[in-house]
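Report on one structure; see the data block that follows.
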Amino acid sequence: MSIVHNDPVRLEPVTVTRSAFSGGELGQVRLDPAIFSVPVNVPLLHQVVTGQLASRRAGTQSTKTRAEVRGGGAKPFRQKGTGNARQGSIRAPHYAGGGIALGPKPRSYEQKTPRKMVQAALRCALSDRAQQAAVRVVDRFGFDGPKTKEAVDLLGRLGCEGTVLVVLGRDDEAAAKSFANLGYVATVPADQLTAYDVLCADVIVFSDDTLPGESEPAGAAPAAKAATKTSAAEDEDGAESGGEEADSDE
C-alpha cells in the first residue's frame, strides 16, 4: 500500500466502525486526531524506518584476513633469480585461497534515533492508514483458546484484505496463537508497535484496549461538551449562593 502525501495542515478526524467480536456493529468511533489525523512526513518516515531496519541487522558477518587463513607460512619461491615478483605467502589476498582484503568484520549497525522522532513517525504511519480507511476496531479479542477458524471469521467480518497487522494486548495469548497459522497476518504487542510494522500492513486491527489515544463515540462529543458546560455552570452557581448565605449569616 502506498503512502498518501498530505498537505502540512491538520487533517479531518477519522471515524471508523466499532465491531463486536461475536459479530455485529457497536456504532461509530472517532479516532484521536492527535494520532490518526497528523500530516504524513515522508522524509521522517524514511529516516526512522531505515534506522529501525539497520538496528535489526545482526552484524555477525566475518571474513578471514591473510593472518587468519591456514597455511602460507613459507615463501612460495626464492626472493631473487626467478623473474617473478617477490612473494612472501600464498595466502596473500591476490592468491586463490588467500585472505580477504578489507572484508566485512563483526560490527553493530544500530542507529540512534531520537525518541520523539520515533513517536512522530508512528503517528504519521497511523494517520496514513487511517486516511486510507485501513483501520479496524473491535471491542475485544475474545478467543476462548487457539482457534484459527475463529480468527479467519473475525478478519472476514472486519473486511480485512491483503496483509493484516493485529495489535494485541499482553494478555491476548489465545488471540496471538489463533492468528499464528495465518501467513498474511502479523501480530505485535501494543507497546512494541513501530512505524515499520504499520507501513508493512494493508489493514491494522485494534481492540478497545490497544487503540492508541482517546477515542470517543462519533455522536457523543457535542453532548459531552454541553454536559460539561452545564455542570461547570451549576458549580459556579452553587459557589455564588454559598457566598451569599455566608454574607447573610454575618
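The values are calculated or read from the model by the stated rules, or taken from the named source; none is laboratory data. Worth saying up front: this structure is predicted, and the values here are computed from it rather than measured. No Cβ is skipped: glycine too gets one built from the backbone with ideal geometry, and neighbour counts run over all protein chains shown.
A few remarks follow.
- Just one of the listed residues (Ala85, Ala96, Ala34, Ala20) is more than 30 Å from Arg115 (Cα to Cα), under 45 Å from the mean Cα position of the chain (by Cα) and hydrophobic (A, V, I, L, M, F, W, C), and it is Ala20.
- Of the criteria (1) part of a loop (DSSP other than H, G, I, E, B); (2) over 30 Å from Thr17 (Cα atoms), which one Pro39 fails: (2)
- Pick from segment 179-199, criterion farther than 27 Å from Asp144 by Cβ and of a type in the set (Ser, Thr, Tyr), ranking: surrounded by the most Cβ atoms within 10 Å (Cβ to Cβ): Tyr196
- Of the residues making up segment 28-38, just one is surrounded by fewer than 16 Cβ atoms within 10 Å (Cβ to Cβ) and either without any contact (Cβ under 8 Å) to a residue 60 or more places away in the chain or closer than 17 Å to Ala134 by Cα (or both), namely Gln28.
- Selection status of Ala74, touching a His at 6+ places or on another chain (Cβ under 9 Å) and part of a loop (DSSP other than H, G, I, E, B): no
- Some residue of segment 83-91 being in a loop (DSSP other than H, G, I, E, B) and in contact (Cβ under 8 Å) with a residue 24 or more places away in the chain: yes
- Among the conditions (1) at pLDDT below 95; (2) not in a loop (DSSP other than H, G, I, E, B), Met117 misses just one, which is (1).
- Exclusive hit being small (Gly, Ala, Ser) and within 25 Å of Ile35 (Cα to Cα), set Ala96, Ala133, Ala101: Ala133
- Residue selected from segment 68-127 under the condition among the charged types (D, E, K, R) and within 29 Å of Gly213 (Cβ to Cβ), by the criterion surrounded by the most Cβ atoms within 10 Å (Cβ to Cβ): Arg123
- Which numbered condition Asp128 fails, given (1) touching a Phe, Trp or Tyr at 6+ places or on another chain (Cβ under 7 Å); (2) in contact (Cβ under 8 Å) with a residue 60 or more places away in the chain; (3) not hydrophobic (A, V, I, L, M, F, W, C): (1)
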